[in-house]
Amino acid sequence: TVDDYVRVATNALAMPNAFRLDGKVVLGRYPGMSDDELELFAEVKRRLLELCGDKFALMPYVRLFTSKELAEKTLTAETIERARERLRAKLRVIDGAFVADRDQSWNRRVNRAFGDDILYPILKSVLAEPEFRGKYFGLNVAVGHENCYRWRYWQDSHGTQTICDYTQQAIDLGCDFMMFAEWDEQKENTSLRPTVSHGFTHQRILRAFVNRADGRGETLP
């Protein structure tokens, strides 16, 4: 409900360690914002402005394509224009595009060609339109995903390559922020915490990419 969102937001405002952009607390949400939630988030935004002023960047996950559209394998000009209109409608309500990896994650691998050639050119072109200048742009970055109980390995994890692909793409796109997904599923190869098998490797990779983004060196481990 709207009250639930407002309660969480005001609690976050009181947290000194809450992530902020330009002094505003960034409010994300998973799962992503659906096409029929425009009125819900418009009301959340209105209530937060009324109660607290302009202190929040409301940025639930957005997707440019539906699962059905992606399943069709061929994206027509009409499909791409629908994606633009879908994004425009959401940006008129929320404070930016916080994009998860779903659209370019095929068989649990990063399809960078799809992101580089289709997904992000659409997103960047819409964000560049005069109406949406000043909107934020964030990307989700993830490690590979491999269930310990999966029987077949045609969906196997490519953890280090996955995190390198996502992180380099975010740097190339010049996004305002990256969110490195972390959750406690030790048997799924999704955690960024130090673990027996791969945690320190991921930390070394992340440090190297931070150095690259900050201009402190190009050498990767």
- From the list Ala9, Ala57, pick out the single residue that is hydrophobic (A, V, I, L, M, F, W, C) and either under 15 Å from Ala97 (Cβ atoms) or not in a helix (DSSP H, G or I) (or both). Ala57
- Can you name the number of the only condition in (1) out of contact with any Gly (no Cβ under 8 Å at 6 or more places or on another chain); (2) at pLDDT 95 or above; (3) of a type in the set (Lys, Arg) that Lys68 fails? (2)
- Item | Search result, residues across the range 112-125 that are open to solvent by 40 Å² or more (accessible area, probe 1.4 Å), free of Cβ contacts under 8 Å to residues at least 12 places away in the same chain and either not small (Gly, Ala, Ser) or not in a helix (DSSP H, G or I) (or both) | Asp117, Pro121
- Task: Within the range 176-189, identify whether any single residue is over 28 Å from Glu69 (Cα atoms), in contact with a helix residue (DSSP H, G or I) (Cβ under 8 Å, 6 or more places away or on another chain), modelled with pLDDT under 70 and buried (at least 16 other Cβ atoms within 10 Å of the Cβ), and answer yes or no.
- Result: yes
- Count - residues of the range 94-109 that are out of contact with any Phe, Trp or Tyr (no Cβ under 6 Å at 6 or more places or on another chain), open to solvent by less than 50 Å² (accessible area, probe 1.4 Å) and over 24 Å from Gly23 (Cα atoms): 2
- Message: Name the residue that is nearest to Gly134 (Cα to Cα), counting only residues in the range 27-82 that are among the basic types (Lys, Arg) and open to solvent by 50 Å² or more (accessible area, probe 1.4 Å).
- Response: Lys55
- Go through the range 1-13 and give me each residue that's surrounded by 10 or more Cβ atoms within 10 Å (Cβ to Cβ) and polar (S, T, N, Q). Thr10, Asn11
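Looking at Ala77, Ala100, Ala83, can you tell me which residue is touching a residue at least 60 places away in the same chain (Cβ under 8 Å), among the aliphatic types (A, V, I, L, M) and at negative phi?
On the way: Ala77 fails: touching a residue at least 60 places away in the same chain (Cβ under 8 Å); Ala83 fails: touching a residue at least 60 places away in the same chain (Cβ under 8 Å).
It is Ala100.
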- Test: residue in the range 32-47 that is at pLDDT below 95, in contact with a helix residue (DSSP H, G or I) (Cβ under 7 Å, 6 or more places away or on another chain) and of a type outside the set (A, V, I, L, M, F, W, C): yes
- Note on the structure: Given the conditions (1) closer than 30 Å to Asp117 by Cα; (2) open to solvent by 70 Å² or more (accessible area, probe 1.4 Å), every one holds for Pro16 apart from (1)
- Name the pairs whose Cβ atoms lie under 6 Å apart, with the first residue in the range 25-36 and aromatic (Phe, Trp, Tyr), the second assigned to a strand (DSSP E or B) and open to solvent by less than 80 Å² (accessible area, probe 1.4 Å), and 6 or more positions between them or separate chains? Tyr30/Tyr61
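The values are calculated or read from the model by the stated rules, or taken from the named source; none is laboratory data. No experiment lies behind these values; they were computed from the predicted model shown. Here Cβ is always computed from backbone atoms with ideal geometry, including for glycine, and neighbour counts include all displayed protein chains. Protein only, heavy atoms only, side chains kept; ligands, DNA and RNA dropped before computing areas. Shrake-Rupley method; radii C 1.70, N 1.55, O 1.52, S 1.80 Å.
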